[in-house]
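In what follows, a structure is listed as structure tokens, so that the remarks can point back to it.
What follows draws every value from the coordinates through simple rules; no lab data is involved. Just so we're clear, the structure is a prediction, and the values are computed from it rather than from any experiment. Here the Cβ positions follow ideal geometry from the backbone for every residue, glycine too, while neighbour counts run over all protein chains shown.
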Amino acid sequence: MRMIRLVSYLGIVPVLGWAVSADAFPLSNAAWSDGLWVEHCHDVRTTYNPTSPLDTKALTIKKEDPRFLDFLYWVWANKIIEHQVEQVGGTEWNGPTSGVIFHWAPGSRWETHTVVPFEHAIHHIADEHRWQDNMFKDFFAPFGPIKGVSIKERLSFDKPPTWAQFLRHIGGPASPYYRYVFHQEASIDPLRGVVVLFSGQGVAFEYTFDRYVKEIMEVLTDCKAYQFFQLYDLYGKGFASRLGWAGQPVPKR
């Protein structure tokens, strides 16, 4: 019911599913179009796809695949799932207001935007990132005492401070938080099957491998990962995940 009021307040329509592709959004010159990706990967054959083109619509690699751990490290090394949240309607452009805009892998060939339903975006930034009002005192102080509580307890759907106001504060063009709370990996723990991430303001949190892959799927298809499969065939297991595999010196810890 509260989400319905948020939608009404912002004048938007909720989106079903996790994210909607938004290829027409403004991107840097580094980004490749879907057509260019297909052009590059169509004739690529690897041990992963020896007889047919790589899938251009989905990412199909599974945890059971011997390539999987190297794949996670390759994603991290290429900064593919680093992302930032834009203000409702886009930051410095007239974008959709049908959800929260996520800007992925800025400045890379994988750069893209997706529109995420508000309920998912709120869970992501409030529950997974565990943001509190005392981490954004410049925003919350005008609305009353700082309490050191979750931003979900302070923000409303129809009464200030609202979610729309907060997203504008952290995702607007002049915001000191726009890049600073940029979501990125810190480490991968193969034994526990988790990825540790950080996001500014002293925030660190963990994703299971399954949760991490769901995020990767917002950006990658098999086609868009074609260079990973080529590198794996060239260098073998451990090429991205094992330090010193080529015999190069590794700093002592």
Within segment 194-213, residues being assigned to a loop (DSSP other than H, G, I, E, B) and surrounded by fewer than 19 Cβ atoms within 10 Å (Cβ to Cβ) number 4
Confirm whether K62 is in contact (Cβ under 8 Å) with a residue 12 or more places away in the chain, of a type in the set (K, R), surrounded by fewer than 19 Cβ atoms within 10 Å (Cβ to Cβ) and part of a loop (DSSP other than H, G, I, E, B). no
Out of curiosity, is D138 in contact with a Lys or Arg (Cβ under 7 Å, 6 or more places away or on another chain) and either within 18 Å of S28 (Cα to Cα) or not in a loop (DSSP other than H, G, I, E, B) (or both)? no
Matching residues in segment 65-118 (among the charged types (D, E, K, R) and either more than 15 Å from K224 (Cβ to Cβ) or free of Cβ contacts under 8 Å to residues at least 60 places away in the same chain (or both)) number 6
Would a scan of segment 113-120 turn up a residue that is over 18 Å from H183 (Cα atoms), surrounded by fewer than 19 Cβ atoms within 10 Å (Cβ to Cβ), under 18 Å from the mean Cα position of the chain (by Cα) and not β-branched (V, I, T)? yes
Kindly indicate whether I146 is surrounded by fewer than 20 Cβ atoms within 10 Å (Cβ to Cβ) and in contact with an Asp or Glu (Cβ under 6 Å, 6 or more places away or on another chain). yes
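Residues checked against (1) touching a Phe, Trp or Tyr at 6+ places or on another chain (Cβ under 9 Å); (2) in a strand (DSSP E or B); (3) hydrophobic (A, V, I, L, M, F, W, C):
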position	(1), (2), (3)
K147	yes, no, no
A174	no, no, yes
Y180	no, no, no
R192	no, no, no
E215	yes, no, no
E218	yes, no, no
G244	no, no, no
P249	no, no, no
R253	no, no, no
Just one of (1) out of contact with any Phe, Trp or Tyr (no Cβ under 9 Å at 6 or more places or on another chain); (2) of a type outside the set (S, T, Y); (3) free of Cβ contacts under 8 Å to residues at least 40 places away in the same chain; (4) farther than 24 Å from A58 by Cα trips up L234, so point out which. (4)
